[in-house]
Amino acid sequence: MIFMMIENENDRLKAETLYYKYRKLLMNIAKDILNDNNLAEDAIHETFVRVIKNLHKIDENNCPRTKNFLVIICRNVSLTMYNEKIYLNKSESSIEDMTYDESLDYCCPENITISKETREEIAKEIEKLDTIYSDVLLFKYDYGYSREEIAETLGINVETVKKRLARAMIKIKKSLEKEGAI
């Protein structure tokens, strides 16, 4: 098993505990996406390879944050496997074709003073986003990951992370402007 490669006994125990606690949940997620038990097992294996690389960032085994972390990684691994399996290529709308630099000109959330009500509105808008966008936002702003760490964890390239972050910000800003929240 992959846990034997972990030299630190405490880290090995932590990884094994995570595996046995969340294996069924992750298996259900992977099977729902892949519709194949063997591929789902492969997805769980790849999920834990990625988790082990980031094990130092997990404080508690039994908390919602850890569960969300594992679910996001498993879902992303499964979707990647699914997309590779059927060679799915989605075309995206013109706003999503903006480069990272163009989106920074369009949307600069760092410069917006945010009230409690606006934070609540932003949280609602994040929930409405597709998971590919909400996942990178969660990793960036909740877990504090760098773009490079997000890319490595989710198995995508850094440019994809940059684009997804920028597109998510644009979508949120447009929606908040439409509702008059900012």
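So which of ILE170, ILE150, ILE156 ends up being under 21 Å from LYS57 (Cα atoms), surrounded by 19 or more Cβ atoms within 10 Å (Cβ to Cβ) and among the aliphatic types (A, V, I, L, M)? If you could, list the steps in order and put the result at the bottom.
Numbers: ILE170 fails: under 21 Å from LYS57 (Cα atoms); ILE156 fails: surrounded by 19 or more Cβ atoms within 10 Å (Cβ to Cβ).
Of ILE170, ILE150, ILE156, the one residue that is under 21 Å from LYS57 (Cα atoms), surrounded by 19 or more Cβ atoms within 10 Å (Cβ to Cβ) and among the aliphatic types (A, V, I, L, M) is ILE150.
A single entry from GLU84, GLU117, GLU60, GLU125 fulfils the requirement of being surrounded by fewer than 17 Cβ atoms within 10 Å (Cβ to Cβ), of a type in the set (D, E, K, R), at pLDDT below 90 and under 24 Å from GLU159 (Cα atoms): GLU84. Evaluating LEU70 against the criteria (1) at positive phi; (2) buried (at least 18 other Cβ atoms within 10 Å of the Cβ); (3) not charged (D, E, K, R) leaves one unmet condition, (1).
Condition test on ASN111, is it within 26 Å of ALA30 (Cβ to Cβ), at pLDDT below 60 and surrounded by fewer than 16 Cβ atoms within 10 Å (Cβ to Cβ)?
On the way: within 26 Å of ALA30 (Cβ to Cβ): no; at pLDDT below 60: yes; surrounded by fewer than 16 Cβ atoms within 10 Å (Cβ to Cβ): yes.
No: the conditions fail for ASN111.
Take the conditions out of contact with any His (no Cβ under 7 Å at 6 or more places or on another chain), assigned to a loop (DSSP other than H, G, I, E, B) and at pLDDT below 80 and apply them to GLU92. Does it pass?
Spelling it out, GLU92 is indeed out of contact with any His (no Cβ under 7 Å at 6 or more places or on another chain), assigned to a loop (DSSP other than H, G, I, E, B) and at pLDDT below 80.
Within region 129-147, being among the aliphatic types (A, V, I, L, M) and either touching a strand residue (DSSP E or B) at 6+ places or on another chain (Cβ under 7 Å) or over 19 Å from ASP59 (Cα atoms) (or both) holds for LEU129, ILE132, VAL136, LEU137.
The values are calculated or read from the model by the stated rules, or taken from the named source; none is laboratory data. Given the structure is predicted, the values throughout are model-derived calculations rather than measurements. Ideal geometry is used to build each Cβ from the backbone, glycine not excepted, and the neighbour counts take in all protein chains shown.
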